[in-house]
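The values are calculated or read from the model by the stated rules, or taken from the named source; none is laboratory data. As the structure is a prediction and not an experimental result, all values here were calculated from the model. Please note: Cβ atoms are built from the backbone with ideal geometry, for glycine as well, and neighbour counts cover all protein chains shown. Accessible surface areas use protein heavy atoms only, side chains included; no ligands, DNA or RNA. Shrake-Rupley method; radii C 1.70, N 1.55, O 1.52, S 1.80 Å.
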Amino acid sequence: MIPLIIKETIATPKIVFDVANNDFELKGCSRPEDVRNFYIPIIDWLKELKENIDNKIRAKFTPENPMVFKFKFDYFNSSSAKFILDILVLINEVHNSDINVRIDWYYDENDDDMKEVGEELSEVVDFAFEYIILKRSSAFS
Amino acid sequence: MTQKSQEIIQTYNGNLTFDIIEEILQSSKGKLDQMDLELVIKKRVYTILVECLENTYKHNVYITNKHKHSQVELVLEQKNGNLIVSVSNYVNKENLGAITQKIDKVNSLDLSGLNQLYRASISKARISEKGGAGLGIIEIARNSRQKINYKIIRENGSAIHFNLQVNIAIKAQSNC
């Protein structure tokens, strides 16, 4: 599949979805001016991935080397949250198609709220996340 | 750092655009970073600012009137151990009931109830034509952890000059 790569801006996150390199990352701040226009191509890419799952892809992602989705959000607004949930639902569906998948949820060591948001989404989507602490300063600007 | 009992941190009067919201947010971030606050408090204030400004941007009614009142008025201040976000703007009279019902609903819930409402709402959320998911007020309440205050300043025909005030305790609370 052609990788999906979107550069980070001040209001939109960096997106990398690259099957060949097992590189799946969402990073930064999400409060797009047009949330639908930003997230629909990402949703469509994941739907295409789901439709194109074959034994070659299954063999690539073993239990020792799963497909790892890294969620490294500093902040996302409430409308982005709805699309992030949609992304997680699709990732869960990929997992249910016999693909080994792991979700890594990163949060700042001083930002327990971001961890709680991850735990909440994990519960809603019924998929256990790994939680990874980022050591940073207390500044956020 | 000793903090004064009352201090204006950020104000804005005028119409909103996406770029103006960005400027307000960046300026507020910088000012909050200069204060002696926990990161979690800064981010809760930022979340409340985003949701208040985006809600206002999407739902504000632009009117002209002889008094030339500003269309949107934002104040972020520190007062009596709280950070206070106050936003005033005009809303359609016909939408007022739905807005106040939503606020009254979240005000009737504790944090656990708000979390339950959020989980139920995000699962069935649909993005509106204006780009909202209907989760903004719940997010404001969850981040404030206090009751949301609102008042009608005046009526202007079919438009209502509406004020929303959200308080955030400067000391983080894990539950309330």
Exercise for review: Please state the charge dipole magnitude for chain B, taken about the Cα centre, from unit charges on C-beta atoms (+1 on K and R, -1 on D and E), reported in debye and rounded to the nearest 20.
Suggested key: 400
Exercise for review: Starting from the Cα of B:LYS31, draw a straight line to each of the aspartates and glutamates and keep only those under 17 Å, dropping any in the same chain fewer than 8 residues away.
Suggested key: B:GLU7, B:GLU22, B:GLU23, B:GLU77
**Study point:** FRET efficiency for B:ASN82 and B:SER158, using Cβ-Cβ distance with R0 set to 25 Å, rounded to 0.05
**Key:** 0.15
Review point. What is the Cα centroid distance between the stretch B:28-66 and the stretch B:102-162, reported in whole angstrom?
Key: 15
Exercise for review: Could you check which residue among B:GLN165, B:GLN26, B:GLN146 shows the biggest mean-square fluctuation in a GNM of chain B with a 10 Å Cα cutoff?
Suggested key: B:GLN26
Review point. For chain B, what are the DSSP H helices with axial Cα length of 20 Å or more and mean Kyte-Doolittle hydropathy of at least -1.0?
Key: B:18-33, B:39-59, B:93-107
Exercise for review: Give the relative contact order (percent, whole number) for the stretch A:1-106; include only Cα pairs under 8 Å separated by 6+ residues.
Suggested key: 28
Revision key, fill the gap. Of B:ASP33, B:ASP110, B:ASP19, the most mobile residue in a GNM of chain B (C-alpha springs, cutoff 10 Å) is B:ASP19
Check your understanding: For helix A:35-51, what angle does its Cα long axis make with the longest principal axis of chain A, in degrees from 0 to 90 and rounded to 10?
Key -> 20
Study note, to complete from the structure: Under the helix-only model (-39500 (n - 2.57) for each DSSP H run of 4 or more, divided by the residues of the protein assembly as shown), the mean residue ellipticity at 222 nm, to 500 deg cm²/dmol, is -13000 deg cm²/dmol
Practice item. With +1 on each Lys and Arg Cβ and -1 on each Asp and Glu Cβ, and nothing else charged, work out how big the dipole of the protein assembly as shown is about its Cα centre, in Debye to the nearest 20. Key: 940
Exercise for review: May I ask you to list the residues of the stretch B:35-66 whose amide nitrogen lies under 16 Å from a point 7 Å from Cα along the Cα→beta-carbon direction of A:GLU116?
Suggested key: B:38-48
Practice item. Among the trypsin sites (Lys or Arg not before Pro) in the stretch B:85-131, which ones are in a DSSP loop with at most 11 other Cβ atoms within 10 Å of the Cβ? Mind listing them? Key: B:LYS124, B:ARG126, B:LYS130
Review point. Å³ per residue of the Cα convex hull, for the protein assembly as shown?
Key: 135
Exercise for review: Could you name every residue in the stretch A:10-46 that has 50 Å² or more less accessible surface in the full protein assembly than in its own chain alone (probe 1.4 Å, ligands and nucleic acids excluded)?
Suggested key: A:ILE10, A:ARG31, A:GLU33, A:ARG36
Review point. From the cross-link list A:LYS47/B:LYS58; B:LYS102/B:LYS124; A:LYS70/B:LYS42; A:LYS56/A:LYS82; A:LYS7/A:LYS47; B:LYS42/B:LYS79, which pairs have alpha carbons spaced over 27 Å apart?
Key: A:LYS47/B:LYS58; A:LYS56/A:LYS82
Point to revise | Over chain A - Rg/Rh using Cα atoms and the Kirkwood inverse-distance radius | key: 0.95
Point to revise | Zone of B:ASP33's modelled label, taken as backbone nitrogen in the stretch A:1-18 under 19 Å from a point 7 Å along Cα→Cβ | key: A:8-14
**Study point:** Shape category assigned to the stretch A:1-56 from the gyration tensor of Cα positions, a/c cut at 1.5
**Key:** oblate
